[in-house]
1. How do the strands (runs of 3 or more DSSP E) wholly within the stretch 30-140 filter down when requiring 1 or more residues that are touching a residue at least 60 places away in the same chain (Cβ under 8 Å), within 26 Å of residue 155 (Cα to Cα) and touching a strand residue (DSSP E or B) at 6+ places or on another chain (Cβ under 9 Å): which remain?
2. For the stretch 65-80, give me the residue count where each residue is surrounded by fewer than 21 Cβ atoms within 10 Å (Cβ to Cβ), in contact with a helix residue (DSSP H, G or I) (Cβ under 8 Å, 6 or more places away or on another chain) and within 24 Å of residue 113 (Cβ to Cβ).
3. Would you mind stating whether residue 133 is exposed (fewer than 11 other Cβ atoms within 10 Å of the Cβ), at pLDDT below 80 and within 24 Å of residue 94 (Cα to Cα)?
4. Counting only residues that are in contact (Cβ under 8 Å) with a residue 60 or more places away in the chain and in a helix (DSSP H, G or I), which one in the stretch 1-29 is surrounded by the fewest Cβ atoms within 10 Å (Cβ to Cβ)?
5. Given the conditions (1) assigned to a helix (DSSP H, G or I); (2) modelled with pLDDT of 90 or more, which single one is not true for residue 192?
């Protein structure tokens, strides 16, 4: 069955390849985004059936984009496309509401299979991480509750990307004072007292690339 799909990746050549792959499989790509912020806005207006999201994107990473889509476009099912195989990334993605987790090292037809299965209400997890995820669940592994709110996570990512407090305020439509207050609260919650430390934390969380 033909599905309406949004693609979000900060590399144009990747988006072009995904569009070609999906359209050859009979799906309709209704929108493309180069960052998570635009992906959320486009899903709000287009209401695609499926959103294929890169895990690491500017302005809003794939996990936080997924979390936002659950709120603003609940009929859209998210599939994360990533190189990360570590348990915490997969567990956090699933907890955020992702319905698919596909590795970029997989064959192209695996993404099509993921789209089909997720569109039918199933969950698709790459075989490369599925065994590890089952082991994690059997071992009782979980991820600690995030001490940051969704808004604070977004501000943390922007700071880690090198945005100034003024730029953060402009992007989020909040005042300089409010943005600065959020940043101070983030540092206090994480017990991190410099920007370099925030960047390292964001890298460990998969919000930004090293």
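1. On the way: elements: 50-54, 77-82, 100-103.
It comes to 50-54, 77-82.
2. 1
3. Values: exposed (fewer than 11 other Cβ atoms within 10 Å of the Cβ): no; at pLDDT below 80: yes; within 24 Å of residue 94 (Cα to Cα): yes.
So residue 133 does not fit the description; no.
4. 21
5. Among (1) assigned to a helix (DSSP H, G or I); (2) modelled with pLDDT of 90 or more, the lone unmet condition for residue 192 is (1).
The values are calculated or read from the model by the stated rules, or taken from the named source; none is laboratory data. The shown structure was predicted, so the numbers you read here are calculated from the model rather than taken from an experiment. A quick note on method: Cβ atoms are made from the backbone with ideal geometry, for glycine too, and the neighbour counts reach across all protein chains shown.
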